[in-house]
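The values are calculated or read from the model by the stated rules, or taken from the named source; none is laboratory data. Just so we're clear, the structure is a prediction, and the values are computed from it rather than from any experiment. Every residue, glycine among them, receives a Cβ derived from its backbone with ideal geometry; neighbour counts consider all protein chains shown.
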Amino acid sequence: MDTMIDVVLRSYPVTTQTFHYQRLAEFARLGVLGTVWVESRSDGHVDPDLEALFGDRVRFIGDLPAPSSAEIARHAKLLTEAATKAKSGNGEGGPAGAVKQTLSGIRLGKYLRYHGAARLVHAAFCTANLTIARAAAQTAGLPYSTEVHSPLSWSRNPGWFRVKVADAYVVAVISDYTRKRVISHCPDARDRIVEVHCGLSSRPESPPSTNHGRMLTSVGGLVDKKGHDMFIGACDRLGEPGEVIGGGELQSDLARLIDHLDAPVQMLGELPHSEVLDRIGGSRVGVLAARQAEAGDEDGVPVALVEFMRAGVPVCSTPVAGIPELLRTIGALATENDHIALAAAIREGCAETSRGVEVVENSYSSEDESALLAKLLAAVPGPSSPDNTNKTALAASLGARRHKP
């Protein structure tokens with residue numbers, strides 16, 4: 001492949017987005033990764049092995065020369081769309097945030113137009129990342145693509161989502177559930193959608209564990225959609241020890257709930273990824289009581305569940321979003337927002353482990369999924385191609401595109 005794909009991230013590094021770093025690492029290994037463009041720095045830490053593969057490719061958009069007032073005026077339509085279509089609570093700072101990110105995109109697009117080597121700009125998420133990537137691509141005269149993970153992308157701001165997806169050449173979704181939801185909002189995008197899972201490396205650091213401990217473990221940010229309060233309630237009902245790994249806005253609320261119930265649950269906060277994997281492998285059951293939160297926000301396909309399955313640990317979750325597709329006939333599903341049902345599912349339904357490893361190896365390999373996405377993006381016509389506006393013809397030519405069973 002000789003396509004150079006520039007990728008847009010909102011911040012770098014981000015400890016909770018392991019699957020994105022693995023995606024970037026695979027793009028680098030395949031020789032298609034150009035520059036990783038980032039809007040802002042964060043305080044997280046990246047796995048040194050992954051950073052060694054692409055860390056020197058990372059550049060910050062704010063370090064580029066700002067566009068002139070004349071250049072901004074030439075792209076007034078992009079700014080007007082951001083100001084009028086973006087809504088508050090949309091995951092990217094409302095209208096003001098969308099305008100700011102559009103300006104970042106214009107700044108990046110100016111650079112790419114005259115100095116960049118990319119043939120395509122890819123947004124790793126379709127909230128702020130896509131706002132930047134779309135503006136950059138349209139300023140530079142390049143095609144762009146995106147990935148859709150969480151319903152937050154469309155549930156809080158469907159009109160702005162439709163605008164941004166309308167001109168994307170490839171829309172990668174992580175589950176059939178997501179595919180159907182995107183089509184319901186953007187029916188014209190149907191032929192440009194491909195299902196590409198958030199995978200894990202098929203070369204894990206250690207084989208699946210056969211010596212699981214007593215602990216029930218829940219991994220994920222301390223936000224409403226993860227349902228950690230239901231997990232705490234289930235541990236209390238079962239009288240079994242549990243641990244919650246992650247940080248976030250509900251830290252104090254969950255700690256108070258544990259104290260109120262005197263539940264046998266520890267809150268471990270954010271941990272290095274290697275330590276998270278050690279605790280996952282030593283768990284008796286991996287639990288994620290996912291729920292649909294305020295304004296329709298919910299998980300896509302939680303990578304933590306994939307990591308439990310790869311470690312050979314039984315899993316228990318809820319039938320939210322793409323989770324039933326992941327668990328299929330393995331693991332246990334409990335009614336959403338019901339800690340009693342969750343406790344019963346943990347007690348009675350978590351026996352199968354070997355098939356979880358098989359599902360991950362066959363359908364959630366980071367290498368295979370990233371290679372598929374790279375092949376799809378390589379099929380996008382370059383900026384000088386006479387077909388670069390014919391997305392329907394492109395969709396018909398994507399022989400590798402598939403809808404997973």
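Considering the stretch 232-251, the residues that are surrounded by 20 or more Cβ atoms within 10 Å (Cβ to Cβ) and under 20 Å from ASP278 (Cβ atoms) include one that is modelled with the lowest pLDDT, namely GLY246.
What about ARG179, is it of a type in the set (D, E, K, R), modelled with pLDDT of 90 or more and within 16 Å of GLU39 (Cβ to Cβ)? Lay out the reasoning, then the answer.
Numbers: of a type in the set (D, E, K, R): yes; modelled with pLDDT of 90 or more: yes; within 16 Å of GLU39 (Cβ to Cβ): no.
Criteria not met by ARG179.
Would you check if there is a residue in the stretch 101-108 being in contact with a Phe, Trp or Tyr (Cβ under 9 Å, 6 or more places away or on another chain), in contact (Cβ under 8 Å) with a residue 24 or more places away in the chain and closer than 20 Å to PHE27 by Cβ? Yes, because at least one residue in the stretch 101-108 is in contact with a Phe, Trp or Tyr (Cβ under 9 Å, 6 or more places away or on another chain), in contact (Cβ under 8 Å) with a residue 24 or more places away in the chain and closer than 20 Å to PHE27 by Cβ.
Mind listing just one residue for me: the one in the stretch 155-194 that is within 16 Å of VAL121 (Cβ to Cβ) and not charged (D, E, K, R) and, of those, surrounded by the fewest Cβ atoms within 10 Å (Cβ to Cβ)? Let's see the steps before the verdict.
Applying the first criterion (within 16 Å of VAL121 (Cβ to Cβ)) to the stretch 155-194 yields 164-172, 192.
Add one more test, that the residue is not charged (D, E, K, R), and what stays is 165-166, 168-172.
On the way: VAL165: 23, ALA166: 12, ALA168: 26, TYR169: 25, VAL170: 26, VAL171: 23, ALA172: 29.
Of everything passing the filter in the stretch 155-194, ALA166 is surrounded by the fewest Cβ atoms within 10 Å (Cβ to Cβ).
Could you look through the stretch 187-198, keep only residues that are in a helix (DSSP H, G or I) and in contact (Cβ under 8 Å) with a residue 60 or more places away in the chain, and pick out the one that is farthest from ALA86 (Cα to Cα)? First the steps, then the outcome.
Kept after step one, since they are in a helix (DSSP H, G or I), are these residues of the stretch 187-198: 187-192.
Then drop every residue that is not in contact (Cβ under 8 Å) with a residue 60 or more places away in the chain, which leaves 191-192.
Numbers: ASP191: 25, ARG192: 23 Å.
Once the filter is applied, the top-ranked residue is ASP191.
List the pairs whose first member sits in the stretch 71-84 and is closer than 12 Å to ALA96 by Cα, whose second member is of a type in the set (Gly, Ala, Ser) and surrounded by fewer than 17 Cβ atoms within 10 Å (Cβ to Cβ), and whose Cβ atoms are under 8 Å apart, counting only residues at least 6 apart or on separate chains? Filtered contacts from the stretch 71-84: no entries. Can ASP259 be described as touching a residue at least 60 places away in the same chain (Cβ under 8 Å), surrounded by fewer than 24 Cβ atoms within 10 Å (Cβ to Cβ) and of a type in the set (D, E, K, R)? The answer is no for ASP259. Looking at the stretch 77-186, the helices (runs of 4 or more DSSP H) lying wholly inside it that each contain 2 or more residues that are more than 26 Å from GLY322 (Cβ to Cβ) sit at 94-115, 128-140. When ALA135, ALA124, ALA128 are checked against the criterion of being hydrophobic (A, V, I, L, M, F, W, C), at pLDDT 95 or above and under 15 Å from VAL38 (Cα atoms), a single residue qualifies: ALA135. Among the residues of the stretch 205-218, at least one is at pLDDT 90 or above and either surrounded by fewer than 22 Cβ atoms within 10 Å (Cβ to Cβ) or under 18 Å from VAL320 (Cα atoms) (or both).
Among the candidates PRO405, PRO383, the residue that is surrounded by fewer than 19 Cβ atoms within 10 Å (Cβ to Cβ), closer than 20 Å to ASP6 by Cα and at pLDDT below 80 is uniquely PRO383. Considering each of ALA128, ALA124 in turn, give the residue that is within 20 Å of the chain's Cα centre (by Cα), more than 19 Å from ARG57 (Cα to Cα) and crowded, with 20+ Cβ neighbours inside 10 Å. Every option except ALA128 fails the conditions.
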